[in-house]
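J.: Once you've had a glance at the structure underneath, I'll fire off some questions.
The values are calculated or read from the model by the stated rules, or taken from the named source; none is laboratory data. Model, not experiment: these values are computed from the prediction. Please note: Cβ atoms are built from the backbone with ideal geometry, for glycine as well, and neighbour counts cover all protein chains shown. For the accessible areas, the whole protein counts, side chains as well, though only heavy atoms, and no ligand, DNA or RNA atoms are used. Shrake-Rupley method; radii C 1.70, N 1.55, O 1.52, S 1.80 Å.
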Amino acid sequence: MISKNQQKFIRQLEQKKYRKREGLFVAEGTKVVGDLLKRYTPEAIYSTLQWQAPDGISPQIVTDEELQRISFQQHPQQVLALFPIPSQAGDYPQTLLNEQTLTLALDGVQDPGNLGTIIRIADWFGVNTLICSEDTADAWNPKVVQATMGSLARVNIIYTSLTTLLDYLPDNFPVYGTFLDGKDIYAEQLTSGGLIIMGNEGNGISEEVRQRVNHHLLIPNFHQGETADSLNVAIATAITCSEFRRRSARG
């Protein structure tokens, strides 16, 4: 049986201030929890009898009704776990950047669904590090965690000041960004590595970051006549990563 205090504690973790205070985040579902267990040691796991726990894992058994009360999902999937938020102590993103490795950065992306999808995209295209501006949505939000579908276990998330990071880089370091007045991504020469920056859903890349981007790219539209104003940031991220990887594979 799960106590009311446990239930209240878990529900509070929906809010960033409590996640920060406790250093914990919530993950749900067999896929998400299963992937995260390969990287992190859980603080606690609550599951129904239907969940097949991996060797060495002893969950607290709860009923379907109890799981529903602590879940952030409309239809809970057998298991909910609390994991420690990875410490960023000693993380210096500038030391992770080099011209042979592709890295993603987000400048003020606000929607949890977009952030979760971008983490999943990074995982798919083999981008191991995602650097987020300090005003980007919290990667440990339950909605973000769910949208990653387990990819959070394989992508390193770092929050930092993008302007400080970019000022640290050499002038000739390849820094890419997508802009409506950029150059056609399909016609431009692309390096195999470097930093790709994606901007806010409504405003794009901020002016202070834009000034530090040395390769302005455009994803062109192919519709003759009136068309959409822009692409969703997650879709634009997928297209951009795909083109970089296609060029790299082609050699």
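J.: For the range 1-38, enumerate the residues that are open to solvent by 30 Å² or more (accessible area, probe 1.4 Å) and either in contact with a Cys (Cβ under 6 Å, 6 or more places away or on another chain) or of a type in the set (D, E, K, R) (or both).
T.: Within the range 1-38, K4, K8, R11, E14, K16, K17, K20, R21, E22, K31, K38 qualify.
J.: Would you mind stating whether A147 is part of a loop (DSSP other than H, G, I, E, B) and aliphatic (A, V, I, L, M)?
T.: no
J.: Inside the range 83-95, can you point out the residues that are outside any loop (DSSP other than H, G, I, E, B), surrounded by 17 or more Cβ atoms within 10 Å (Cβ to Cβ) and not aromatic (F, W, Y)?
T.: P93
J.: For the range 155-204: of the residues being polar (S, T, N, Q) and within 15 Å of T237 (Cβ to Cβ), which is surrounded by the most Cβ atoms within 10 Å (Cβ to Cβ)?
T.: Ranking the qualifying residues of the range 155-204, first place goes to T178.
J.: Of all residues in the range 134-151, which are open to solvent by 10 Å² or more (accessible area, probe 1.4 Å), within 21 Å of L96 (Cβ to Cβ) and in contact (Cβ under 8 Å) with a residue 60 or more places away in the chain?
T.: D138, W140
J.: Is there a residue in the range 96-109 that is open to solvent by less than 30 Å² (accessible area, probe 1.4 Å), part of a helix (DSSP H, G or I) and not β-branched (V, I, T)?
T.: Taking every residue of the range 96-109 in turn, none turns out to be open to solvent by less than 30 Å² (accessible area, probe 1.4 Å), part of a helix (DSSP H, G or I) and not β-branched (V, I, T).
J.: A follow-up question, please. Looking for something among the β-branched types (V, I, T) and assigned to a strand (DSSP E or B) - is there at least one such residue anywhere in the range 5-17?
T.: no
J.: Another question about this same structure. For the list (1) open to solvent by less than 40 Å² (accessible area, probe 1.4 Å); (2) under 10 Å from the mean Cα position of the chain (by Cα); (3) without any contact (Cβ under 8 Å) to a residue 60 or more places away in the chain, I need the number of the one condition that I118 fails.
T.: Single failed check for I118: (3).
J.: Which one is most open to solvent (accessible area, probe 1.4 Å) among residues in the range 205-248 that are of a type in the set (K, R) and within 15 Å of I121 (Cβ to Cβ)?
T.: Restricting to residues being of a type in the set (K, R) and within 15 Å of I121 (Cβ to Cβ), the top hit is R246.
J.: Write out, first by first residue and then by second, each pair whose Cβ atoms fall under 8 Å of each other, whose residues are 6+ apart or on separate chains, and whose first residue, in the range 220-242, is under 18 Å from L190 (Cβ atoms) while the second is β-branched (V, I, T) and part of a loop (DSSP other than H, G, I, E, B).
T.: P220/I185; A236/I219; I239/I185; I239/I219; T240/I185; T240/I219; C241/V127
J.: Please report, ordered by residue number, the helices (runs of 4 or more DSSP H) entirely within the range 155-251 with at least 1 residues that are under 30 Å from V32 (Cβ atoms) and aliphatic (A, V, I, L, M).
T.: 162-168, 233-250
J.: Also: Identify all residues within the range 56-91 that are modelled with pLDDT under 95, over 26 Å from the mean Cα position of the chain (by Cα) and closer than 14 Å to V33 by Cα; write none if there are none.
T.: I57, S58
J.: Being in contact with a Leu (Cβ under 8 Å, 6 or more places away or on another chain) and assigned to a helix (DSSP H, G or I) is the filter here, so list the residues in the range 36-82 that pass it.
T.: Within the range 36-82, L36, L67, I70 meet the criteria.
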